């Protein structure tokens, strides 16, 4: 599977129910990780989309088992539709969802009306905005040391 298809599958799996705006916001975060010039994503992924997607412990949609239970919602079974390819192409072509912004490096669904102030849990990101079910986080200065 090439990086474009993997990205389209990730978009469907992570944000397929969030509408076009939600999918574009999630895609923006993924591409922000590709483009960031410092910190863990720069050091580990080196500007490579596939490395960003496959980085360990980043996206639950890459796991076939979560907490000992089969994860039936994963990129290996999520067949992308045209809209998912369109969003992937848009993001790879430089599109940035203005709500998520050009700095957000993380998103999460808290399954709660409130977004935690900090994420990930090593407190390197601060809450920026919420788009549909996902909370988006920008890096704090501590991220550069990761």
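The values are calculated or read from the model by the stated rules, or taken from the named source; none is laboratory data. Fair warning: this is a prediction, and the values are worked out from it, not measured in the lab. Don't worry about glycine lacking a Cβ; one is built from the backbone with ideal geometry, like all the others, and counts go over all protein chains shown.
Here are the numbers:
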| item | result |
| --- | --- |
| Residue within the stretch 73-82 that is within 13 Å of residue 8 (Cβ to Cβ), assigned to a helix (DSSP H, G or I) and out of contact with any helix residue (DSSP H, G or I) (no Cβ under 7 Å at 6 or more places or on another chain) present | yes |
| Scope the stretch 49-60; condition without any contact (Cβ under 8 Å) to a residue 24 or more places away in the chain and either over 18 Å from residue 6 (Cα atoms) or assigned to a loop (DSSP other than H, G, I, E, B) (or both); matching residues | 55, 56, 57, 58 |
| Near pairs, Cβ below 9 angstrom, 6+ apart or cross-chain, from the stretch 107-122 (over 14 Å from residue 60 (Cα atoms)) to any residue that is modelled with pLDDT of 90 or more and part of a loop (DSSP other than H, G, I, E, B) | 111/133; 116/110; 118/124; 118/140; 119/110 |
| Residue in the stretch 35-42 that is out of contact with any strand residue (DSSP E or B) (no Cβ under 6 Å at 6 or more places or on another chain), surrounded by fewer than 23 Cβ atoms within 10 Å (Cβ to Cβ), free of Cβ contacts under 8 Å to residues at least 12 places away in the same chain and not in a helix (DSSP H, G or I) present | yes |
| Extreme residue, surrounded by the fewest Cβ atoms within 10 Å (Cβ to Cβ), among residues of the stretch 16-30 that are more than 8 Å from the chain's Cα centre (by Cα) and under 19 Å from residue 94 (Cα atoms) | 20 |
